[in-house]
Amino acid sequence: MPFVITSACQDEKAADCVEVCPVDCIHEGDDQYYIDPDICIDCGACEPVCPVEAIYPDDEVPKEEESFILKNANFFK
């Protein structure tokens with residue numbers, strides 16, 4: 001999974017990331033947005049526009065947020 005949306009997005013849903021995604025890989029869930037790992041092209045357009053800084057490359061997710069890697073992946077199963 002190239003990018004992961006973490007806890008800062010929960011109940012935020014500003015959707016700035018959705019608007020800039022060139023491949024429409026960001027989907028709304030009940031409590032936050034999720035990035036589809038099979039569609040994401042790893043362009044990084046979403047990361048700098050997130051107003052709550054919730055988006056990270058999967059290999060840079062802070063340790064305390066690592067559970068969101070699995071949460072994002074499971075959303076699309």
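The values are calculated or read from the model by the stated rules, or taken from the named source; none is laboratory data. Here the structure is a predicted model, which means the values were calculated and not measured. Note: ideal-geometry Cβ built from the backbone for every residue, glycine included; neighbour counts use all protein chains shown. Accessible surface is based on the protein model in full, side chains and every heavy atom, while ligands, DNA and RNA are left aside. Shrake-Rupley method; radii C 1.70, N 1.55, O 1.52, S 1.80 Å.
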Residue list for the range 18-41, filter: farther than 17 Å from Phe68 by Cα and surrounded by 13 or more Cβ atoms within 10 Å (Cβ to Cβ): Val18, Val20, Cys21, Ile39
Residue identified as over 12 Å from Asn72 (Cα atoms) and either of a type in the set (Gly, Ala, Ser) or open to solvent by less than 60 Å² (accessible area, probe 1.4 Å) (or both) among Val4, Val49: Val49
Top-ranked residue of the range 7-17 - restricted to ones that are outside any loop (DSSP other than H, G, I, E, B) and open to solvent by less than 30 Å² (accessible area, probe 1.4 Å), ranked as nearest to Ile41 (Cα to Cα): Cys17
Neighbours by Cβ (under 8 Å, 6+ apart or cross-chain): first from the range 1-27, basic (Lys, Arg); second surrounded by fewer than 16 Cβ atoms within 10 Å (Cβ to Cβ): Lys13/Glu28
Qualifying residue in the range 56-75 (condition: among the polar types (S, T, N, Q), surrounded by 15 or more Cβ atoms within 10 Å (Cβ to Cβ) and part of a helix (DSSP H, G or I)): yes
